[in-house]
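> Shown below is the structure under consideration.
The values are calculated or read from the model by the stated rules, or taken from the named source; none is laboratory data. Just so we're clear, the structure is a prediction, and the values are computed from it rather than from any experiment. Ideal geometry is used to build each Cβ from the backbone, glycine not excepted, and the neighbour counts take in all protein chains shown.
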Amino acid sequence: MLKSTVPGVHRERRQRLSDSAPDACFIFFGAKEVVRSNSTHYPFRQDSDFLYLTGFDEPEAILVLVGGKSHLFVQERDESREIWDGERYGLDRARVVFGVDETHAVHEFYSCLDTLLTDATSVRTTLGWDADRDRSLLKALHGASRFRGKGRFGHLPVHSPLPELSELRSVKDEVELGLIRKACKATVKAHSDVLRKVRSGMTEFDAFIEFQYSLLRHGCGELGYGPIFASGFNATTLHYTRNNELLKEGDLFLIDAAGEVEGYTADLTQTFPVSRQFQPAQSRVYEQVLGVNREITAMIKPGVSYRELHSKSVELLTESLLSLGVLEGDPKELVLTGAYRKYYPHGVGHYLGLDVHDAGIYHERGRDFLLKPGMVLTNEPGLYFREPGPYFGIGIRIEDDILVTGMGSEVLTAGLPRTVAEIENVRSGGVWS
Ligand code: GLY
Ligand code: MN
Ligand code: MN
């Protein structure tokens, strides 16, 4: 069981979702095990929506919310399977531990569906991830519509539950914030350990091993996303994942990696020199990116939109490119023509939580959603130079995780050396507490 599973909290989340469409039948499928190669599986990761609504972390489960009740379909106890795969909750324990109204064996799902849908006027479920499952479900829903006859509500429209669920998931409750804080704290420790220990002659992979070891020691057993340990020119590839090159004096090292605690991840990037000091061109770019990171952090508060944050980052980084001598011309014109995109090709951030790019709505029919207290988002400006010139091969991103509070914001990833002087001090053996 996940340590933070508190049935009351999950029950309240389910209730809030059901209240958004009281006559609907919500159906959520948990994740399946995925084959890696003959007889072996990838590590199991529960579906994020499913985890949010149940806390249940076994494969092959299904949640149905209908008529004010919650039904959890789970694998039955099976001694012969449990010898191989570990203990299962089974129906009786799952009902008590996860606080649902009823549990059923998962193989009975399709035969229960007609009855569950008796009074529902619509179905809310997510299609499109698994074609076989979609086919089975749509066939069963067609059967259920026939079973319900030709009355006004005989035919069941299917809608996505994601608009309501995304809005719920984007504002974190106290249990979620506790887990995100833990993930951020362990991640900051791991980045700071790597910052102290990395030396030229090591490989990107050696640094990754140090990072993982530190994460584990600080109570974080999982990574929240594919880690990026990118030295030199590799840092200009946004999703570089080979992580196997030799670290060389004079290069920068961009590390975008973070730990996950009970499904909740941090998302942190630091960039520092493999040598003790930045080279002049590197520190010029670094100071610009850090300045933008700080200005964006200062803007984050309730009522601001993501679009405003991103637009500001574009404006500021365009000014940076002008002051670095990379672009020439009128700043407004350069923003309009998108001249910055070659050097800043991504957004300034995203919501963060169960998914690194978390559920949450940014805009709807041209209307921006505004930040609210309890939302968590990243702030990650960067500049990347892939073409010959004075900054060739430099890739710098500085990423923090920010909680929107009632008054403004809190940097959840605070505590790392971030200025050029602070980083050079630590790289030279100086103490950082
Ligand atoms: N680590 C992925 C991202 O920063 O969005
Ligand atoms: Mn990010
Ligand atoms: Mn990141």
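> Just the residues that are away from ligand 2 (no atom under 14 Å from the Cβ), crowded, with 22+ Cβ neighbours inside 10 Å and under 20 Å from GLY430 (Cα atoms), please, taken from region 249-270.
Answer for region 249-270, where residues must be away from ligand 2 (no atom under 14 Å from the Cβ), crowded, with 22+ Cβ neighbours inside 10 Å and under 20 Å from GLY430 (Cα atoms): LEU252, PHE253.
> Moving on to the next point. Is it fair to say LEU156 is surrounded by 15 or more Cβ atoms within 10 Å (Cβ to Cβ) and part of a loop (DSSP other than H, G, I, E, B)? Break it down stepwise before answering.
Values: surrounded by 15 or more Cβ atoms within 10 Å (Cβ to Cβ): yes; part of a loop (DSSP other than H, G, I, E, B): yes.
Spelling it out, LEU156 is indeed surrounded by 15 or more Cβ atoms within 10 Å (Cβ to Cβ) and part of a loop (DSSP other than H, G, I, E, B).
> Would you say VAL64 is touching a His at 6+ places or on another chain (Cβ under 6 Å), within 27 Å of ASP19 (Cβ to Cβ) and surrounded by 16 or more Cβ atoms within 10 Å (Cβ to Cβ)? Spell out how you get there, then give the answer.
Numbers: touching a His at 6+ places or on another chain (Cβ under 6 Å): yes; within 27 Å of ASP19 (Cβ to Cβ): yes; surrounded by 16 or more Cβ atoms within 10 Å (Cβ to Cβ): yes.
For VAL64, the condition - touching a His at 6+ places or on another chain (Cβ under 6 Å), within 27 Å of ASP19 (Cβ to Cβ) and surrounded by 16 or more Cβ atoms within 10 Å (Cβ to Cβ) - is met.
> Got a sec? Which of LEU179, LEU216, LEU165 is modelled with pLDDT of 95 or more, within 21 Å of the chain's Cα centre (by Cα), surrounded by fewer than 18 Cβ atoms within 10 Å (Cβ to Cβ) and hydrophobic (A, V, I, L, M, F, W, C)? Give the steps one after another, and end with the answer.
Details: LEU179 fails: surrounded by fewer than 18 Cβ atoms within 10 Å (Cβ to Cβ); LEU165 fails: surrounded by fewer than 18 Cβ atoms within 10 Å (Cβ to Cβ).
Residue meeting the stated conditions: LEU216.
> Which ranges mark the helices (runs of 4 or more DSSP H) fully within region 1-104 that have 3 or more residues being more than 25 Å from GLY226 (Cβ to Cβ)? Walk me through how you get there before you give the answer.
Values: elements: 7-19, 48-54, 79-85, 90-98.
Of the helices (runs of 4 or more DSSP H) lying wholly inside region 1-104, those with at least 3 residues that are more than 25 Å from GLY226 (Cβ to Cβ) span 7-19, 79-85, 90-98.
> Please go through (1) exposed (fewer than 15 other Cβ atoms within 10 Å of the Cβ); (2) more than 16 Å from ligand 1 (Cβ to nearest atom) for THR241 and return the number of the only condition it doesn't satisfy.
(2)
> If I filter region 279-288 down to residues being under 25 Å from PHE211 (Cα atoms) and surrounded by 21 or more Cβ atoms within 10 Å (Cβ to Cβ), which single residue comes out as farthest from the chain's Cα centre (by Cα)?
GLN282
> Tell me which residues, restricted to region 309-341, are touching a residue at least 60 places away in the same chain (Cβ under 8 Å), of a type outside the set (A, V, I, L, M, F, W, C) and assigned to a helix (DSSP H, G or I). Walk me through it before giving the result.
In the first step, residues of region 309-341 are kept if they are touching a residue at least 60 places away in the same chain (Cβ under 8 Å); the result is 309, 313, 316-317, 320-321, 324-326.
Then keep just the ones that are of a type outside the set (A, V, I, L, M, F, W, C); that gives 313, 320, 325.
Those that are touching a residue at least 60 places away in the same chain (Cβ under 8 Å), of a type outside the set (A, V, I, L, M, F, W, C) and assigned to a helix (DSSP H, G or I): SER313, SER320.
> What single numbered condition from (1) touching an Asp or Glu at 6+ places or on another chain (Cβ under 8 Å); (2) in a helix (DSSP H, G or I); (3) buried (at least 20 other Cβ atoms within 10 Å of the Cβ) fails to hold for LEU137?
(1)
> Next question, about the same structure. Taking only region 351-375 into account, find how many residues are within 16 Å of the chain's Cα centre (by Cα), touching a residue at least 60 places away in the same chain (Cβ under 8 Å) and either in a loop (DSSP other than H, G, I, E, B) or away from ligand 1 (no atom under 14 Å from the Cβ) (or both). So that I can check it myself, show each step before the final result.
Filtering region 351-375 down to residues within 16 Å of the chain's Cα centre (by Cα) leaves 351-362, 374-375.
Then keep just the ones that are touching a residue at least 60 places away in the same chain (Cβ under 8 Å); that gives 351-356, 358-361, 374-375.
Next cut, either in a loop (DSSP other than H, G, I, E, B) or away from ligand 1 (no atom under 14 Å from the Cβ) (or both) only: 352-356, 358-361, 374-375.
Result for region 351-375: 11.
> Taking the criterion of being within 16 Å of ligand 1 (Cβ to nearest atom), farther than 21 Å from LYS197 by Cα and touching a residue at least 60 places away in the same chain (Cβ under 8 Å), would at least one residue in region 250-263 satisfy it?
The answer is yes, given that some residue of region 250-263 is within 16 Å of ligand 1 (Cβ to nearest atom), farther than 21 Å from LYS197 by Cα and touching a residue at least 60 places away in the same chain (Cβ under 8 Å).
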